[in-house]
1. Just to be sure I understand, how many residues within region 4-40 are among the charged types (D, E, K, R) and under 14 Å from Val66 (Cβ atoms)?
2. Can you tell me which residue is most open to solvent (accessible area, probe 1.4 Å) among those in region 13-53 that are assigned to a loop (DSSP other than H, G, I, E, B) and modelled with pLDDT under 85?
3. For Glu58, are the conditions met, namely being of a type outside the set (Val, Ile, Thr), in a helix (DSSP H, G or I) and open to solvent by 80 Å² or more (accessible area, probe 1.4 Å)?
4. Among the residues of region 1-12, write down those that are under 22 Å from Arg75 (Cα atoms), in a strand (DSSP E or B) and not hydrophobic (A, V, I, L, M, F, W, C).
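The values are calculated or read from the model by the stated rules, or taken from the named source; none is laboratory data. The structure presented is a predicted model; accordingly, all values stated were derived computationally and were not measured. Glycine also receives a Cβ, built like all others from the backbone with ideal geometry; neighbour counts cover every protein chain displayed. Heads up: the accessible areas ignore ligands, DNA and RNA and are worked out on the full protein's heavy atoms, side chains in. Shrake-Rupley method; radii C 1.70, N 1.55, O 1.52, S 1.80 Å.
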Amino acid sequence: MSYVHTESGPDGEYILNGDLPPEVAPPFVRAVMRIEAELLLHDAELVTLDDEEPRTQEQRRADAFVALVMRLDNRR
């Protein structure tokens, strides 16, 4: 996570930037994509059961990143 940093955007959002070395990038991207897939399955259940609006792809990717950080923190 030391390769990733955030900055504040104009509307109060955070912008995530990073320069991952070649040995870190593929596992990092795979981890985010796996969590994104979990969230997509969860969102699909909400649409069919509760008629709720799913997250956008951007929201889901941001949520996946936060979930990854939380999982890493819980492993300590």
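1. Here is the first cut: in region 4-40, the residues among the charged types (D, E, K, R) are 7, 11, 13, 19, 23, 30, 34, 36, 38.
Filter again for under 14 Å from Val66 (Cβ atoms), leaving 13, 36, 38.
Summing the residues that are among the charged types (D, E, K, R) and under 14 Å from Val66 (Cβ atoms) in region 4-40 gives 3.
2. First pass over region 13-53, keeping only residues assigned to a loop (DSSP other than H, G, I, E, B): 13, 19-24, 51-53.
In the following step, the residues that additionally are modelled with pLDDT under 85 were identified as 13, 51-53.
Numbers: Glu13: 73, Asp51: 133, Glu52: 87, Glu53: 159 Å².
Here the residue is Glu53.
3. On the way: of a type outside the set (Val, Ile, Thr): yes; in a helix (DSSP H, G or I): yes; open to solvent by 80 Å² or more (accessible area, probe 1.4 Å): yes.
It is true that Glu58 is of a type outside the set (Val, Ile, Thr), in a helix (DSSP H, G or I) and open to solvent by 80 Å² or more (accessible area, probe 1.4 Å).
4. Kept after step one, since they are under 22 Å from Arg75 (Cα atoms), are these residues of region 1-12: 1-5.
Remaining after also requiring in a strand (DSSP E or B): 4-5.
Of everything in region 1-12, just one residue is under 22 Å from Arg75 (Cα atoms), in a strand (DSSP E or B) and not hydrophobic (A, V, I, L, M, F, W, C), namely His5.
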